[in-house]
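Notes follow the structure.
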Amino acid sequence: ESLDSLPMDSFWLEVENIKQSAEAEQEECSLADVKTQEEGEAEAEWLQDAGLSDLLGDHASENDNIVLLSTLTKTQAAAVQRRLDTYSRSRRRKNKHPVRDVRDIFGVVSAELPTKNIFSSIAETQDYSCTVRNPGKEEVFNMDIAYSEQAAVLLKGSLLSESRRLKDGNALTKFKIPKGRLGVTRIGDLSTQDMKKIPTLALIELTALCDILGFELKRNKAAKLKTTEKRLFGVPLNTLLENDQKLLPNTKVPLLLQALLSCLEKRGLETEGILRVSGSQTRIKSLEQKLERDFYTGLFRWDEVHQNDVSGLLKRFIRELPAPLLTAEYLPAFAAVQNIPDLKQRLQALNLLILILPEPNRNTLKALLEFLSKVVARENNNKMNLWNVSTVMAPNLFMHKGLPNKIPEGKEKQLAEGAADVVRMMIHYQDLLWTVSSFLVAQVRKLNESNSKRYQFCDKRIKNLLRKIHADKDKAEKNQAEPSKIVKVHASLLLKDSLEVHLNNATKAADVLRQFQKNLNNSMECTNLLLYEVGGNIGEHCLDPDTYLLDLYRINPHAEWIIKQNPS
């Protein structure tokens, strides 16, 4: 249903508070909108961000990009083609040296949307219908097949659903990620090395999805960060974390934000109107100065601060970041998500945008959203439902002094409602949004496999010997009908000898952890142990307890399996 019936008073009150605060410091702040770029400029930036910079310039070469290109789906490859084609045309118009034709890179492939035949086998086995027939009923959220491929099937079958808007908590659609044989991968389950590959793949997939849906992926240029003499407020996230990690290694969320959220969780969750009721601007400014002076010395007295002032400090911390928490580049894209008619596809786009975010931004956003969920959970006491919280926090996330663009007359209400709607989706669906899709994990595996094949030995005798060893091993591994397998699981920190495990089609990661616990003969709970897949075509992967291990072995036979204690 339309958002028109939902109250926006809290949003505009918050906007007024922000403007008053900005005026006091002679700063300008408005809802962020996208800046226009010259033809070809946006495409060149996109190709660089997508890890395809070697296709640009006078001596373009696909050699260094061939690995990435080989992992792309048809819709993803079409998205790359379109941008490379536009970039090539713009360079020709500017009378610069000729650039590579897209057909030299991909071969002669039509840039049109994929035909129905390409997806016929997928369409026969998968149900992608998104229409809401019963609000509140659980729907399947498929992460095994690329979102753009799913959208192409729907488009060819004219199944794109009517617009679905969120109205209230009772009508929010429940989505369930079906667990395949390889389980579900959450953000944080992959190694840092593998996670660095995800944003590039997610950007290409998001662009392909937008192409299929007919929406322009809006991006801003990266903002230049101003230096500040402050230590806490107005300091870039990376700088804050570098300073915090000197005090507390492995810190992933700024210590100040952790302290603000902790204070509000202890004393503010039950406060009526928390976040909405503004504290005193004079007191908040004074508290900011005290925090700058005393926070790291441990002399700041949190128990003496009023909860509404703490919530004011929280919002001020977010607004004062030199670059928006959602990043200057992708803030317009987050805002544009509201233009996608279908709820499931809006969530697909949000999932990809969150994967694109730099790690410090993503971790900080998650900490904030987890806190906001706790506020909503105490709605009966604090009178702050999901929509109230969303309308109050949206201006703090979407308005930024570093992006003072003027909004066309008549567009501000639409942008305001859309921003609040996006915040509401991020709060309510955060568990789903912080999942790495199976199709992206599969692409990471392909990248790793292709990269490892590029390193070859020069000595032919060693090469031939290795080829024979691998050929013999591959023969055994290609026997997919093999009903069982005995593998070794290592846990050097907990057990001297490795554990031999007999795998069959029903063996799950949880079964191995239980078996290991029995061998330990101590009180360590199975929930404190995790099974990791290490090496082969993955860096390190914390396994879902419901992962079927024989299926995983067939996909990555060269990996080691290691049991570790849960770091948290």
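The values are calculated or read from the model by the stated rules, or taken from the named source; none is laboratory data. On a predicted model such as this, the values are computed, not experimentally measured, just so you know. Glycine gets a Cβ as well: all are built from the backbone with ideal geometry, and neighbour counts include every protein chain shown. Heavy atoms of the whole protein, side chains included, go into the accessibility calculation; ligands, DNA and RNA do not. Shrake-Rupley method; radii C 1.70, N 1.55, O 1.52, S 1.80 Å.
The accessible area of M393, taken with all protein chains in place and a 1.4 Å probe, comes to roughly 0 Å². For the set K315/K366; K246/K290; K19/K315, the pairs lying more than 18 angstrom apart at their alpha carbons are K246/K290. State which entries of K174/K411; K196/K564; K94/K196 exceed 26 angstrom in Cα-Cα distance in the structure shown. Result: K174/K411; K94/K196 exceed 26 Å. Loop-located GluC sites (Glu not before Pro) across segment 237-300 with a Cβ neighbour count of 16 or fewer within 10 Å are E270, E272, with loop assigned by DSSP.
For segment 483-567, the relative contact order comes to 34 percent (Cα pairs under 8 Å, sequence separation of at least 6). Rounded to the nearest 20 debye, the dipole magnitude of segment 483-567 is 200 debye, with +1 charges on Lys and Arg beta carbons, -1 on Asp and Glu beta carbons, and the Cα centre as origin.
On full extension, the segment bounded by S262 and K137 gains 41.6 nm, given 0.36 nm per residue less the C-alpha separation. Per-residue extension of 0.36 nm, minus the Cα-Cα distance of W302 and R514, leaves a gain of 71.9 nm for this segment.
Placing a pseudo-label 7 Å from each Cα along the Cα-to-Cβ vector at N505 and I486 gives an inter-label distance of 2.2 nm.
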